[in-house]
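Visitor: Pasting in a structure now, in structure tokens, and then I'll have a few things to ask.
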Amino acid sequence: MREESIRSLIIKYVVLFVSAFVILFPPYTVFITAFKTKAEFLQSRFALPQDWLHLDNFTYIFTRTKLLTTALPNTLYIIVIAVAGNILLGTMTAYALGRFDFKLKKVILGMYLLASVIPLVTTQVATFSVMKSLHLFNNIHAPILLYLGADVVSIIIYLQFIRSIPYTLDESAMMEGASLFRIYWNIIFPLLLPATVTVMILRIIYIYNDFYIPFLYMPKTSLQVISTSIFGFVGPNAANWNYIAAMIIVIFIPAIVLFLFLQKFIYAGVTHGAVKE
């Protein structure tokens, strides 16, 4: 019995070690490459850099690209407006679906679920035609409009929280003469703060990393975002992996920091309501 326990323990740690190696080796390679010269990278790709204070790659990024002057401001502008719209539309939709019973309630929820399983690429011809007819091609408001709608994950997260809010709060407010909108804005919306933080984090990371929509609708150089900026940078610097690695590090630092500090809100929001007491 003891030998079997030791054997299972060894297997468990071997599996964990292999899994950790597979997950961490690519980021490790990118990180050490960012501090190497091109010659050093070609000589020893996986060894640690000789000088950790070699910051010429990062200097090149900030001086030769428009990452800070164009890509980052454009990305932040899109994120702020789109995420604000996601929160408002998501909370309103979840409030209607979670607090009221009407004939088309299941149909509307089913339409949201159906839209989530349709591949994005199959609808792009029609979507592109609509956006072009609205004169939004090569316009920074094109991705904002496409990101603005509340997605199914956001609605489900909000619904989980709304179902845990006692309906007696609504009834008490109605007895005081509060309108439905006031109940939503003064009672429901503040109580959805944990879910709102979760949705905000998930949407920020999605929009920050998305490449397809900005690349398709904003090919103009002055409208570059973070994802399209690195794509345009890789072309003329395809042979300089040290520059590319430095660019990747700079771009993903905000997303990594955001996730590490606020990951507890993500887990709390996604798993809320999964276990009933």
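Visitor: Go through (1) under 23 Å from the mean Cα position of the chain (by Cα); (2) surrounded by 11 or more Cβ atoms within 10 Å (Cβ to Cβ) one by one and return the number of the condition Q50 breaks.
Guide: (1)
Residues checked against (1) touching a residue at least 24 places away in the same chain (Cβ under 8 Å); (2) assigned by TED's automatic domain parsing to the domain that holds I251; (3) over 16 Å from G85 (Cα atoms); (4) not aliphatic (A, V, I, L, M):
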{"residue": "D170", "(1), (2), (3), (4)": "yes, yes, yes, yes"}
{"residue": "A173", "(1), (2), (3), (4)": "no, yes, yes, no"}
{"residue": "L180", "(1), (2), (3), (4)": "no, yes, yes, no"}
{"residue": "I188", "(1), (2), (3), (4)": "yes, yes, yes, no"}
{"residue": "R203", "(1), (2), (3), (4)": "yes, yes, no, yes"}
{"residue": "F211", "(1), (2), (3), (4)": "no, yes, yes, yes"}
{"residue": "P214", "(1), (2), (3), (4)": "yes, yes, yes, yes"}
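Visitor: Moving on. For the subset of the stretch 158-168 comprising residues that are touching a residue at least 60 places away in the same chain (Cβ under 8 Å) and in a helix (DSSP H, G or I), which member is surrounded by the fewest Cβ atoms within 10 Å (Cβ to Cβ)? Before the answer, list the steps.
Guide: Here is the first cut: in the stretch 158-168, the residues touching a residue at least 60 places away in the same chain (Cβ under 8 Å) are 158-164, 167.
Filter again for in a helix (DSSP H, G or I), leaving 158-163.
On the way: Y158: 27, L159: 19, Q160: 18, F161: 22, I162: 20, R163: 13.
In this case the residue turns out to be R163.
Visitor: Answer with yes or no whether L113 is under 18 Å from W185 (Cα atoms) and part of a helix (DSSP H, G or I). Let's see the steps before the verdict.
Guide: Numbers: under 18 Å from W185 (Cα atoms): no; part of a helix (DSSP H, G or I): yes.
So L113 fails the test.
Visitor: A follow-up question, please. Which condition does V152 not pass, out of (1) at pLDDT below 90; (2) surrounded by fewer than 13 Cβ atoms within 10 Å (Cβ to Cβ), if it passes all the others?
Guide: V152 satisfies all of (1) at pLDDT below 90; (2) surrounded by fewer than 13 Cβ atoms within 10 Å (Cβ to Cβ) except (2).
Visitor: Among the residues that make up the stretch 236-248, is at least one of them aliphatic (A, V, I, L, M) and surrounded by fewer than 13 Cβ atoms within 10 Å (Cβ to Cβ)? Steps first, please.
Guide: To start, the set of residues in the stretch 236-248 that are aliphatic (A, V, I, L, M) comprises 238-239, 244-248.
From what is left, the residues that are surrounded by fewer than 13 Cβ atoms within 10 Å (Cβ to Cβ) are 238-239.
Scanning the stretch 236-248 turns up at least one residue that is aliphatic (A, V, I, L, M) and surrounded by fewer than 13 Cβ atoms within 10 Å (Cβ to Cβ).
The values are calculated or read from the model by the stated rules, or taken from the named source; none is laboratory data. These figures come from a predicted structure and were not determined experimentally. Here Cβ is always computed from backbone atoms with ideal geometry, including for glycine, and neighbour counts include all displayed protein chains.
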